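Working notes, beginning with the structure itself.
The values are calculated or read from the model by the stated rules, or taken from the named source; none is laboratory data. Computed from a prediction, not measured in an experiment: that's the story for all the values here. Positions of Cβ are backbone-derived with ideal geometry, glycine not excepted, and every protein chain shown enters the neighbour counts. Surface accessibility is based on the protein's heavy atoms, side chains included, excluding ligands, DNA and RNA. Shrake-Rupley method; radii C 1.70, N 1.55, O 1.52, S 1.80 Å.
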Amino acid sequence: MEQNLLLGEFQKYALDAEGDAELISRAYKLALRAHEGQRRKSGEPYVTHSIAVALQLIKWRMDAATIAGGLLHDVAEDTRYTIEQIRKEFGGEVALLVEGVTKLGALKYTETSGKAENLRRLMLAVSRDMRVIFIKLADRLHNMKTLSHLPEVSQKRISLETSEIYSPLAYQLGMQGVSGELEDLAFPYLHKEKYDWLVKHVSKTYGEREKYLEKVREVLAAALAKQNLRPVSVESRAKRYSSLYKKLIRYDMDIAQIYDLVAVRVIVNNIEECYAVLGVIHQLWPPMPGRIKDYIALPKPNGYRSLHTTVFCINKKPTEFQIRTVAMHEESENGIAAHWAYQLGKRGKAYKKRRVVSAGEKETAWVARLRSWDKEYASSEEFVQALKIDFLGDRIYVLTPKGTVLDLPAGATPVDFAYSIHTDVGHSCVGARVNGKIVPLTHQLQSGDLVEILTQKNKKPSDSWLLFVKTDRAKKKIRALFKKSRESSSLRAAPKSAELKITVRGRIGLLEDISSVISRSHINILSVSMPQSTPFHTTRIVIATADRYKIEKLLMKLKEIRGVKEIGFRLL
Ligand code: MN
């Protein structure tokens, strides 16, 4: 049933898509074929999931490649079709998107693997192409909506992951609509009792609230009309349960204290009208001090723009108003996705007809947004965090076979990876498999790579590794090992001193002359033995070098000294 509904909606779009329709309908056909016979836990054919994801992407007005990617996003993971086949049939762009989503799916969020922050950064890094994240978010949204069919353990795990990773990620991308929806979907699974309590208490007053809001809308509409202001829409909305809950904790679970249990949203055509509407509202009802927020003049770091005010409304009941333009509203719901669409719309004719975002335009809009953030948030940590999304180039995030995320500098090799696991793994490393393929040790790892190190007992590192390793840790460990092995071998064999045998005709000051020549050659004297009795005798001097070249040069100089008759040496 649902499948037919979805399909109808989906085909309506596909037919409308002209040149892109072909790509999308081919992707649809492959998804059908690939998932044939597979069912979801709900009992529905698996492909309903692929279609739901594609529809969400259509709603966000993504381009054809992304929609095709959405249709095929589970094909490489769950069916006999490979990324290679997708590349052959749909080209590199679609294949890259599917590959990215597949990689993200391989990340397991567990207590042990999981610093949430690390994983979130990894996801961003893997998805240098933001469209991968859009597909993943659409995927997660549909999975959360159909979560009731899974066993309880999975519900808990997936909800926790959604609440700790995907919802904040969506928020960071300015997609608060998606972020809030994910949070709300996860909430009942994570806090069942609190959710039930909240629903009960909120629903008790539901009818009353509806009547009240209707009156507020009427009064406001009349006042606005007098000023010739005609908003695009005035709507009231119930606060999300999850954010209500967060507020309730702050107010000791006192529902009477929550002002924005309801909020009225006024959507207008342009910024001037936003401020005009705010003025009208404040003339009607006195604002509550400290509750006027101008996020238009000063947007939130994630790009959110709107005017907020809480006023003592009809019967002095505190009521929140949010005022924004159509574009701001769309951005606040869909974030970057909407921003891309809007930017393109200002230029393209195609947009007006189909309202689609194309891949080529995305960079401009994203960069433009970054620039506008930069102006206001150059010093803020949040901006830096946002900036990292696109400029993660200096770090890569790679995975161990157990799913642990390692953070390495760009250009890092399997050897760096091995040393960052353990010194012994580094020392005994003989090869590596990256994403299942054997690679040379000089291979440069990419974010999202799954790296497996092949080791061999008693294997020693090569000093040529120093030429390509990137991390200080690896360099230090390799050098330390070589230093140690040089020292231990020198104890056994290599000479480090020599004995000079000098036959002299003794005179006063001869020994001083000899030792000063040796010193000026920067060689230390270790010992001197000299029988004093006869004018002709042999002096033996042990010096702290075994360098033949150095010694020979020294001998030449010593021969010049008056009284030196014969000279020779042997290494000790
Ligand atoms: Mn999926």
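Listed values, structure above:
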| quantity | calculated |
| --- | --- |
| Conditions (1) over 30 Å from Gly105 (Cβ atoms); (2) open to solvent by 90 Å² or more (accessible area, probe 1.4 Å); (3) in contact (Cβ under 8 Å) with a residue 12 or more places away in the chain: number failed by Leu467 | (3) |
| Within the range 44-102, considering residues that are more than 15 Å from the ligand (Cβ to nearest atom) and not in a helix (DSSP H, G or I), the one surrounded by the fewest Cβ atoms within 10 Å (Cβ to Cβ) | Arg80 |
| 1 or more residues within 16 Å of the ligand (Cβ to nearest atom), open to solvent by 10 Å² or more (accessible area, probe 1.4 Å) and at pLDDT 85 or above: qualifying helices (runs of 4 or more DSSP H) within the range 105-196 | 130-145, 152-161, 176-190 |
| Set Val384, Val425, Val434: member being within 13 Å of the chain's Cα centre (by Cα) and either modelled with pLDDT of 90 or more or surrounded by 13 or more Cβ atoms within 10 Å (Cβ to Cβ) (or both) | Val384 |
| Hits in the range 277-319 - residues which are aliphatic (A, V, I, L, M), over 26 Å from Pro168 (Cβ atoms), open to solvent by 30 Å² or more (accessible area, probe 1.4 Å) and in a loop (DSSP other than H, G, I, E, B) | Ile292 |
| Output for the range 31-42, where each listed residue is without any contact (Cβ under 8 Å) to a residue 60 or more places away in the chain and open to solvent by less than 50 Å² (accessible area, probe 1.4 Å) | Ala31, Ala34, His35 |
| In the range 30-43, residue farthest from Ala327 (Cα to Cα) [restricted to those that are assigned to a loop (DSSP other than H, G, I, E, B) and within 13 Å of the ligand (Cβ to nearest atom)] | Gln38 |
| Residue in the range 509-523 that is surrounded by 15 or more Cβ atoms within 10 Å (Cβ to Cβ) and among the acidic types (Asp, Glu) present | yes |
| Boolean, Ser203 is free of Cβ contacts under 8 Å to residues at least 12 places away in the same chain and either aliphatic (A, V, I, L, M) or within 16 Å of the ligand (Cβ to nearest atom) (or both) | no |
